[in-house]
1. Within a Cβ distance under 13 Å of Val234, other residues only, what is the Lys/Arg minus Asp/Glu net charge?
2. In whole percent, what relative contact order does the chain give with Cα contacts below 8 Å and a gap of six or more residues?
3. Using every Cα-Cα pair within the chain, state what percent have a distance larger than 34 Å.
4. Over its Cα atoms, what ratio of radius of gyration to 2.2 N^0.38 Å does region 38-119 give?
5. What net charge do the residues around Ala200 carry, taking every other residue with its C-beta under 11 Å from that of Ala200, with Lys and Arg at +1 and Asp and Glu at -1?
6. Say each of Ile226 and Thr161 gets a label point 7 Å from the Cα, pointing the same way as Cα to Cβ; how far apart are those two points in nm?
7. Under a point-charge model restricted to the Cβ atoms of Lys and Arg (+1) and Asp and Glu (-1), what is the dipole moment magnitude of the chain relative to its Cα centre, in debye to the nearest 20?
8. Of all accessible surface on the chain at a 1.4 Å probe, what whole percent is carbon and sulfur?
Amino acid sequence: MSEANIDGDTGSAPNENTGSVSPVPKEPDHFRRVLTIWVVLSVIGMVACIFLLPYILPPTASNLGSVDNFTIVLLTVLAVPVALFVFVFLAYSMFAFRVRERPREDALPLKPRPMLQIGFLGITSVLCLFLIIYGLVAYYQEASAAPANPLVVQVTGQQWTWTFYYPQYGVSSQGQVLELPVNRPVQFVVTSKDVLHGFAVRTLGVRVDANPGQVTTTPYTTPTVIGQYPVVCVELCGLYHSYMWSSLQVVDQSTFNSWITSQGGHP
Ligand SMILES: [Cu+2]
């Protein structure tokens with residue numbers, strides 16, 4: 001990018017119609033000005049995200065919590081200058097180049113600026129490439145972990161409820177509760193009976209589509225804090241989509257064993 005991209009309409013040029021030099025005030029360097037505003041606001045926004053997001057994000061309670069939060073902060077921080085690039089240039093143009101009455105002259109024709117286009121495409125491509133590689137590496141790290149004695153839970157979405165089946169114990173959870181023992185890795189095997197649903201447990205760093213006729217296996221995640229957390233559907237799946245939520249209960253091992261027995265299974 002160069003300063004030359006909005007250099008066409010400097011108001012200090014001699015009046016071509018009359019040949020005389022009119023006392024037009026010197027046009028400010030708009031590009032430098034808007035670039036400065038963009039850089040300053042971007043830095044403020046990025047720093048604010050880094051410091052404020054950890055307080056805004058809901059709590060996590062799994063071994064994936066820190067990497068999950070780091071990813072959200074990273075993506076938000078990278079999005080700030082991109083979003084501001086659009087908003088700042090738009091807002092600046094609306095104020096700096098506004099015309100009160102109907103313009104009587106045609107605007108200056110836009111000239112091709114190859115460096116601007118190459119720069120814009122180049123920067124956004126590098127950003128996207130970085131995010132793809134970051135995502136693939138993070139997914140590989142999570143997916144390649146193979147802990148001993150993991151718990152498997154089959155999750156089935158249907159309009160408008162979740163059912164949880166524990167194949168190692170031969171029991172289904174009655175009453176829409178996802179019961180998990182603390183500190184034991186768990187893997188979800190997710191599908192749907194009717195339409196697209198989205199199985200999301202923010203606490204565990206899990207968010208996966210539930211597709212009809214297809215089974216999706218999540219990476220292992222380990223609940224680390226005993227407590228009760230929400231399980232929600234994050235795919236608009238019909239009239240009562242917003243009511244399609246369940247409860248995750250993370251309990252200690254003996255409570256989990258007695259819960260399995262109470263559901264008709266053998267721990
Ligand atoms: Cu749903």
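The values are calculated or read from the model by the stated rules, or taken from the named source; none is laboratory data. In this text the structure is predicted, and so the values were computed from the model without any measurement. Note: ideal-geometry Cβ built from the backbone for every residue, glycine included; neighbour counts use all protein chains shown. These area figures cover heavy atoms from the full protein model, side chains too; ligands, DNA and RNA do not enter into them. Shrake-Rupley method; radii C 1.70, N 1.55, O 1.52, S 1.80 Å.
1. Working: positive: Arg202, Arg207; negative: Asp209, Glu235.
Once all neighbours under 13 Å are counted, the net charge is 0.
2. Working: 395 pairs, mean separation 45.8, N = 267.
Dividing the mean separation by the residue count of the chain yields 17 percent.
3. Beyond 34 Å sits 44 percent of the P(r) for the chain.
4. Details: Rg = 19.7 Å, N = 82, 2.2 N^0.38 = 11.7 Å.
Normalised by 2.2 N^0.38 Å, the Cα Rg of region 38-119 equals 1.68.
5. Numbers: positive: Arg202, Arg207; negative: Asp209, Glu235.
After counting each charged neighbour, the total is 0.
6. Between Ile226 and Thr161, the simple spin-label model gives 2.9 nm.
7. Numbers: 13 positive and 16 negative charges, 31 e Å.
Computed charge dipole of the chain: roughly 140 debye.
8. On the way: 10830 of 16720 Å².
Answer for the chain: carbon and sulfur cover 65 percent of the accessible area.
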